[in-house]
Every structure is written in C-alpha cells, then in structure tokens.
C-alpha cells in the first residue's frame, strides 16, 4: 500500500485551505500574546507557539472547518499553557499541588458551595476609562501576578482571563472545589495588597 510522503501530506494540507505556510505571518503574534499574557515568560511563550504550530501540522487531519484556523490554533495552545501550569505547580509544591492549602478551608462553606459571608472577596475598587492608567495598571498587575504561587497564578488566570468554568479548572489542575475557592480568594487578597502598594 502506498504511503504518502511528507511532501504529499503537506500538499494535501495546503489543498484543504489550511495553508500552514501562512500561519506564522497570520497567527504567530496573536498566539504569542495569548501565551505571554497567561505565563509572563517570553521564552516559554515563544516555545509554546512553535510547539502549537508543530502539533497543528500533526493534527491537521482533525481540522473540520467548524471554527477559524486561529481559534483552532488557540485551542491547541490553551492545552499547552495548562500543561505548563500543572508542571510549575507540581515542581513548586513537590508533587502535591494542594499541599499548601491544608488548614485554610475555614474560608469556605461547603453547605453553600461558596464563601462564608465574612470572607467574601471584596471588589478591587479600581475603575478607570483612562487608557494610560489602564495600561499602567495592566503592567503593574502583571508584575504582581508574577509574585503569586504557580498554582494560584494558574487558577486565577484560567478563571479571570479565560473565563473557564470552576469544574473545568478543578479537573485541569487536580484540585477540589474547596481548594479552588481558597485559591481564588487568596490570590485576590494578594493581588489587591500588591496593587495598593505599587499602583494606588
């Protein structure tokens, strides 16, 4: 049985309008910005973009055209970002990503599946339509987020940048709903304190 050569496979991809030869020009900057905003690491962001393109070439036969090519590439990149989150969290916590949360569940009311009222996170209280202030705030926020423990950074980013559902975050990061709420609360408290010291 004849097997397609790499060149023939490439031509098949091209004929299916995926046109991978244009991916770098059309999508690399967008993918890089996506990865960088979620990882705060330029080198890793660049590596993940390259890995995404390679993975997309290998999985080109799975592209059904139900979304744009960019959306499909972002979906591949998203899982690679999550893998980095998991790796960072496990390395930092010696393999047990929930270890440092023991004894902190007093903030959470399991009966309500939510925060106890006395510990409900307060709004940051930062509202401005000034684009200069927003840009400055974004830069300071990125610096503050770098100070978060890897697991907190991952959970906070997935929740507030990707708008991921709680159940998905818990599954992806292998944490319980109780630990999720503790992490979100403590991340907000730490970020608020950092912003008050460095921006307000």
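The values are calculated or read from the model by the stated rules, or taken from the named source; none is laboratory data. Small disclaimer: the values here were computed from a predicted structure and weren't measured. So basically every Cβ, Gly included, is an ideal-geometry build from the backbone, and we count neighbours across all protein chains shown.
Please indicate, with yes or no, whether at least one residue in region 152-159 is over 25 Å from residue 42 (Cα atoms) and crowded, with 18+ Cβ neighbours inside 10 Å.
no
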What pairs can you find where one residue is in region 183-194 and in contact (Cβ under 8 Å) with a residue 24 or more places away in the chain, the other is in a helix (DSSP H, G or I), and their Cβ atoms are less than 6 Å apart, with a gap of 6+ or different chains?
183/152; 183/155; 185/107; 187/152; 187/156; 191/144; 194/144
Within region 160-172, track down each residue that is surrounded by 15 or more Cβ atoms within 10 Å (Cβ to Cβ) and either part of a helix (DSSP H, G or I) or in the same structural domain as residue 41 (by TED's automatic domain parsing) (or both).
166, 169, 170, 172
Those residues that are outside any helix (DSSP H, G or I) and without any contact (Cβ under 8 Å) to a residue 60 or more places away in the chain, I need them from region 38-60; list them, please.
41, 59
Which one of 125, 95 is under 24 Å from residue 41 (Cβ atoms) and either exposed (fewer than 13 other Cβ atoms within 10 Å of the Cβ) or modelled with pLDDT of 90 or more (or both)?
95
Please enumerate the residues belonging to region 173-200 that are surrounded by 18 or more Cβ atoms within 10 Å (Cβ to Cβ) and under 20 Å from residue 90 (Cα atoms).
173, 175, 178, 179, 180, 181, 182, 183, 184, 186, 187
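Consider region 61-85. How many of its residues are modelled with pLDDT of 90 or more and either in a helix (DSSP H, G or I) or closer than 24 Å to residue 156 by Cβ (or both)? Lay out the reasoning, then the answer.
Of all residues in region 61-85, those modelled with pLDDT of 90 or more come to 68-85.
Narrowing the set further to residues that are either in a helix (DSSP H, G or I) or closer than 24 Å to residue 156 by Cβ (or both) leaves 69-85.
Here the count works out to 17.
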In the set 40, 19, the lone residue that is at pLDDT below 90 and closer than 21 Å to residue 162 by Cβ is 40
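Condition test on residue 177, is it at pLDDT 85 or above, closer than 27 Å to residue 33 by Cα and under 23 Å from the mean Cα position of the chain (by Cα)? Step through it out loud before you land on a result.
Values: at pLDDT 85 or above: yes; closer than 27 Å to residue 33 by Cα: no; under 23 Å from the mean Cα position of the chain (by Cα): yes.
No; evaluated as a whole, the condition is false for this residue.
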